[in-house]
Amino acid sequence: MLQVKNLSFAYRDKKVLNNISFRLQPGQQLSVIGESGSGKSTLLKIIYGLLQPEQGSIHWNDKKLLGPEFNLVPGEEFIKYQAQDYDLMPPLTVAQNVGKFLSNFYPRKKKQRIEELLELVDMSDFADRRPDELSGGQQQRVALARVLAREPELLLLDEPFSNIDNFKKSALRRQLFEYLKDKGIACIVATHDNADSLSFSDEALVMKNGRIIHRGNPRELYLSPQTRYVARLFGEVNQLPVSWFIEDRKGLVLIYPHELFLNPEGKIKAIVEENYFEGHSYLVKARIGRRLVYFRNDNPLNKQFAIGLTLKDGVLEHRLKPQP
Ligand code: ADP
Ligand code: MG
């Protein structure tokens, strides 16, 4: 089990992490989400041992992990880390890069393992190429294969799919996380891609300004976001007066665009302003007095059209705290 306790860190006098504590069980998948600059990468670097925390401690089971001030070679045998910039060795081929950490003692086994890993990241056809002949996304896939080569107990991934095109991303993501679950490898993934978190992690930590501001099951964070900041990490969101849905009730409520429906009888009257094609549907921007509202619709709507909207059943139950 990974145990991070009261971790704080500053770059010179700029405080970047503030009293971070959490635990991660073996084989569990944790995502760290938060806006750019919130401290995700710094947190991973400290856990891996690249940066010395100012305060706090990190344990893996009973072993205390020491920072670079006490450990000349960063990193521990059982942890692997993939940085946002993946440092592949230019003179080596793809296959050699992947096999770099593997023992030469059993050459056949090593070759098999490299093939298995290249298959996992869909790079088998590139085994004999060199990194400078590859696109950014291809390099990122090789880097992923490399950190998996010697099965770590804990894997730290920093934006692992950021350069991989959508075409490859979905399949690779499914394969990778299935592989980790299968092998019982615990993983922390720093990400701003909500699918990493929503579809594949057991738990999510939400970071803002170097602090953990929420944590929980990603599905629950999505369905009952406690702040607009959290909901925004998952996509577009409206913040609307509760009184639009329940008379005389004060406050604001977060509503995702797919939770509002076009309905001529709907109580919410709006004027269409713009349509944005999103593939499976349109995101429609409409105006209600001074407020803008976003909702999804299968077809684009005429601009300046007066429309009615209703809310999907059951949404408010997730969003509103019971009144005393
Ligand atoms: P994230 O990965 O969430 O985008 P980072 O951990 O990279 O956030 O950065 C957190 C904060 O630390 C940011 O404000 C960033 O500007 C600052 N920072 C990151 N690296 C350095 C550095 N080497 N020196 C000084 N400040 C840094
Ligand atoms: Mg980062």
Is it possible to state the helix-based mean residue ellipticity at 222 nm for the chain, with each DSSP H run of 4+ residues giving -39500 (n - 2.57), the sum divided by total residues, to the nearest 500 deg cm²/dmol? What is it? -7500 deg cm²/dmol
In nm, to one decimal, how far is the Lys111 label point from the Glu151 one, both placed 7 Å along Cα→Cβ? 2.3 nm
For Glu265 and Ser281, compute 0.36 nm times the residue count separating them, minus their Cα-Cα distance, and round to one decimal in nm. 3.6 nm
Less than 12 Å Cβ to Cβ from Arg146, Lys/Arg counted +1 and Asp/Glu -1: what total charge do the surrounding residues give? +4
Restricting to the chain, compute how many DSSP beta bridges are antiparallel as a %, nearest 5. 70 percent
Which net charge results when you count Lys and Arg as +1 and Asp and Glu as -1 among the other residues whose beta-carbon is under 12 Å from that of Val253? +3
With θ taken as phi - 60° and the coefficients 6.51, -1.76 and 1.60, list the Karplus ³J(HN,Hα) couplings across region 189-205 in order, rounded to whole Hz; mark glycine and proline as x. 10, 8, 8, 10, 9, 5, 5, 4, 7, 5, 8, 10, 10, 6, 8, 10, 9
What are the residues whose amide H is under 5 Å from the amide H of Val32, where those residues sit 5 or more places off or on another chain and H is modelled from the backbone? Val189, Ala190, Thr191, Leu205
Sort 1-8, 58-65 for me by packing, meaning the mean count of neighbouring Cβ atoms within 10 Å per residue, highest on top. 1-8, 58-65
What's the extension gain from Arg291 to Lys183 if we count 0.36 nm per residue and subtract their Cα-Cα distance? 33.9 nm
What base-10 log of the normalised intensity I(q)/I(0) is obtained for region 170-284 from the Debye formula, alpha carbons as equal point scatterers, at q = 0.20 Å⁻¹? -1.19
Take peptides 151-158, 47-54 and line them up by average Cβ neighbours within 10 Å, highest first, as a rough protection proxy. 151-158, 47-54
Taking the square root of 5λ for each eigenvalue of the C-alpha gyration tensor of the chain, the equivalent ellipsoid has semi-axes, largest first and in whole angstrom, of 43, 25, 16
Rounded to whole Å and sorted largest first, list the principal axis extents of the Cα atoms in region 105-201. 39, 31, 18
Residue (of Ala171, Ser281, Ala149) at the positive-pole extreme of the chain, dipole from beta-carbon charges: Ser281
Residue separation between Asn209 and Ser135 times 0.36 nm, minus their alpha-carbon distance, gives in nm 23.3 nm
Where only alpha carbons of region 236-319 are counted, the Rg and the Dmax (Å): 12.2, 38
List, in the order given, every pair from Lys15/Lys321; Lys5/Lys168; Lys5/Lys110; Lys111/Lys183 whose Cα-Cα distance in the structure shown is over 30 Å. Lys15/Lys321; Lys5/Lys168; Lys5/Lys110
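Since every read-out is calculated from the coordinates, none of them should be taken as a lab result. Everything numeric in this text was worked out from a predicted model, so none of it was measured. Glycine also receives a Cβ, built like all others from the backbone with ideal geometry; neighbour counts cover every protein chain displayed.
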